[in-house]
Amino acid sequence: MREKKNRRFFIVYGHYDDNSFNAAIKNTFIESAEKAGHSVDVVDLYKDKFDPVYAGGNPGPDVLDHRGRIEASDTIVLIAPIWNFRMPAILEGWIDKVLAPPWAFSFKKLFGNYGYPVGNLKGKKAIIFCTYGSPQFAIRTFFLNMPTKRLRRGVFNICGITDVVYRRYFAVPFVGEKKRKQFLDDVKLSLIHI
């Protein structure tokens, strides 16, 4: 039997309300991970007043700090709601600034103006916890899982991270406490899939 190694999680949290269900997800994940012997490093983008505006130039000290913390981790964890088919602007800006080339990926030229991305974060894993106000049927049927595909393929796969666990919790404002408890139990179980 293979011994399970202790992991180092770097959590990027993107919700402004400490009483939100996203906060409950964050707290449940941290508590479960630490109880299992894993280490956890958390960035709370709203509390840290992270500036999501990318205006070119060299990365600032906050971006370099976050990149160093990613390098020291095994797994990047994103926790945020989905608003208008994307994560909040503060987390989208974090992605643009921190998971940017040439640090997170570079481009290999094929010919002319054609090339493809080569990820520099190979060997790392990612877990994405997202909440939705919409029911699952609407997201899957009418909106074709756009947030899932974009984050998995358009962000993490480009960075070389192919082992991505995506946990989604639907219709959160409309479900009762029993369903919310089931969602939080699923958060605890997500540690098994790493």
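The values are calculated or read from the model by the stated rules, or taken from the named source; none is laboratory data. These numbers come from a predicted model, not from an experiment. Quick reminder, even Gly has a Cβ in these numbers, built from the backbone with ideal geometry, and neighbours come from all protein chains shown. When the accessible area is computed, the model is the full protein with side chains, heavy atoms only, and any ligands, DNA or RNA have been set aside. Shrake-Rupley method; radii C 1.70, N 1.55, O 1.52, S 1.80 Å.
Remarks
- Extension gain from D186 to R86, taking 0.36 nm per residue of separation minus the Cα-Cα distance: 33.8 nm
- Cα-projected label distance for D163 with K5, points at 7 Å along beta-carbon direction, nm: 0.9
- Accessible area of region 18-80 belonging to carbon and sulfur atoms, whole % at 1.4 Å probe: 49
- Under 5 Å between amide hydrogens, built in the peptide plane, is the criterion, and for V165 it picks out A126, I127, I128 among residues at least 5 positions away or on other chains.
- Rounded FRET efficiency, nearest 0.05, which uses the C-beta distance separating K178 from D62 and R0 of 45 Å: 0.65
- Taking every DSSP bridge with both residues inside region 22-169, close to 35 percent are antiparallel.
- Legend: calculated FRET efficiency, A171 to N27, from the Cβ-Cβ distance at R0 = 22 Å, rounded to 0.05, equals 0.55.
- As a calculated quantity, the FRET efficiency between L110 and E71 at R0 = 35 Å, using C-beta atoms, amounts to about 0.75.
- Accessible surface, region 1-79, averaged per residue in Å² (probe 1.4 Å): 56
- Under-5 Å amide H pairs with F107, H placed in peptide plane, nonlocal only: V118
- Label separation (V118 vs A100): 2.2 nm, computed from points 7 Å beyond Cα along the C-beta direction.
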